[in-house]
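**Q** Next up is a structure, given as structure tokens.
Every read-out reported here was derived from the displayed coordinates using simple, explicitly stated rules and does not represent laboratory data. Remember, it's a predicted structure, so these values are computed and weren't measured experimentally. All Cβ positions, even for glycine, are placed from backbone atoms using ideal geometry, and neighbour counts span all protein chains on display.
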Amino acid sequence: MLIDFLRFVILGFIQGITEPIPVSSSGHLLIFQKLLSGKSLNVDFSLLATLTNLGSLVAIAILFRKDIANLFKGFFGYLTTKKEEYKDNYKYCWLIVIGTIPAGIMGIIVTKLGLFDALEENVKFVGATLLITALFLFLIRKLKGKKSPNQITYKDALVVGIFQTIALLPGISRSGATIVGGMTRKFKRETAFNFSFILYIPISLATTVLGISDLIKSDLSLNMWICYLGATVVAGIFTYFATIWFRDVVKNGKLIYFVIYCLIVGTLVLLFL
């Protein structure tokens, strides 16, 4: 029991530390599944991904709670009063909706048709996508846009949303794809970071809701519930602190760290796993 619990905690840590940074949490879970001999771990990795994603979602929601509250206040405030003070937040809400639509539609198509089923457990593919991530981060590492949140256009939001669909490919980081998308649209670094993580919330919430059916159908023992709960809590804690750290990295234009990391890990995966 203790060994299983520690393995789950390790997987929760991996999810938590990699969810907010541009290295693909799902890809890393697959890598560590291989390293930990996941078949003997007696773990449903789909269920684990759902629950640890929930932990990460809670952490992001806590970090951005003021922004979320202001957006709700602005959206409903403008709807009911049409006051100018609420207009920017009202528009930002619609930007999030537009940015969510491409990944939402593509996610349904991918799920229904099983387009990536053959790739979901292909660790070599993850190695390749990590190298692709390194390339994109390298290309935008020095970009300094000028757009603040109230200057984002609906076209900008749509473009970032299209970039987010790329993250449906196993091993492609969602935060990396959306931040790259924002930087190509000349967002300020902080603007790109904030838009990426606010955009994460509806997508992650939808993923969690869709995964609830697996949770309901699961027939877990008390010991296994403790293991999954431990992984979820650990994922939330480390997502919280990793996001704070990543915010500083983006502000300071130090994405080269992740270029190097993705190059190293992607190459090692291709060569040895």
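**Q** Name the residues of the stretch 140-155 whose amide N is less than 16 Å from a point 7 angstrom out from the Cα of Glu190 along the C-beta direction?
**A** Inside the label zone: 144-152.
**Q** Could you grab the relative contact order for the chain? Cα pairs under 8 Å, six or more apart, rounded to a whole percent.
**A** Answer for the chain is 38 percent.
**Q** Could you give the length gained on full extension between Leu79 and Asp248, defined as 0.36 nm per residue of separation minus the Cα-Cα distance, in nm?
**A** Taking 0.36 nm per residue and subtracting the Cα distance, the gain is 57.4 nm.
**Q** Which aspartates and glutamates does Lys155 reach when only Cα atoms under 20 Å apart count, and residues fewer than 8 places away in its own chain are ignored?
**A** Asp88, Glu190
**Q** Hey, another quick one. Under 25 Å between alpha carbons, and skipping anything fewer than 8 positions from Lys124 in its own chain: which lysines qualify?
**A** Excluding near neighbours in sequence, the set is Lys34, Lys39, Lys112.
**Q** When the helices in the chain are scored as -39500 (n - 2.57) per DSSP H run of 4 or longer and the sum is shared across all residues, what 222 nm value do you end up with, to the nearest 500 deg cm²/dmol?
**A** The per-residue figure over the chain is -26000 deg cm²/dmol.
**Q** Can you put Ile3, Ile21, Ile237, Ile260 in order, fewest other beta carbons within 10 Å first?
**A** Result, fewest neighbours first: Ile3, Ile260, Ile237, Ile21.
**Q** Another one. What is the Cα coordinate range of the chain on the first, second and third principal axes, sorted by size from largest, in whole angstrom?
**A** 59, 39, 36 Å, listed from the longest principal axis down.
**Q** Regarding the stretch 1-121, what is the average projected area of its C-alpha convex hull, in nm²?
**A** Projected over every direction and averaged, the Cα hull of the stretch 1-121 covers 9.8 nm².
**Q** Right, another one. Could you work out how far the C-alpha centroid of the stretch 1-62 sits from that of the stretch 207-273, in angstrom?
**A** Using only Cα atoms, the two centres lie 6 Å from each other.
**Q** Under a plain spin-label model, where a point goes 7 Å from the Cα along Cα-to-Cβ, how far apart in nm are Glu121 and Thr207?
**A** Simple spin-label model gives 2.0 nm for this pair.
**Q** Let me ask you something else. For the chain, with a Gaussian network of springs between Cα atoms less than 10 Å apart, report the residue from Thr111, Thr50, Thr100 with the top mean-square fluctuation.
**A** Thr111
**Q** Same structure again: Roughly speaking, what is the centre-to-centre gap between the stretch 139-162 and the stretch 105-122 when only Cα atoms are used, to the nearest Å?
**A** A separation of 27 Å, based on Cα centres.
**Q** For the residues Ile10, Ile212, what sequence is obtained by ranking on other C-beta atoms within 10 Å, fewest first?
**A** In increasing order of surrounding Cβ atoms, one gets Ile212, Ile10.
**Q** Using a Förster distance of 35 angstrom, determine the FRET efficiency expected from the C-beta separation of Lys155 and Phe272, and round it to 0.05.
**A** Efficiency, rounded to the nearest 0.05: 0.20.
**Q** Which of Val23, Val259, Val180 ends up with the largest GNM mean-square fluctuation for the chain, with Cα atoms connected below 10 Å?
**A** Val259
**Q** Now for a different question. Sorted from fewest to most neighbouring beta carbons within 10 Å, what does the list Asp214, Asp219, Asp117, Asp156 look like?
**A** Asp219, Asp117, Asp214, Asp156
**Q** For the stretch 63-131, what does the relative contact order come out to in percent, with C-alpha contacts under 8 Å and a separation of six or more?
**A** Answer for the stretch 63-131 is 19 percent.
**Q** Along the Cα-to-C-beta direction of Leu113, a point sits 7 Å from the Cα; which residues of the stretch 148-177 have their amide N less than 14 Å from that point?
**A** Counting only backbone N, you get 169.
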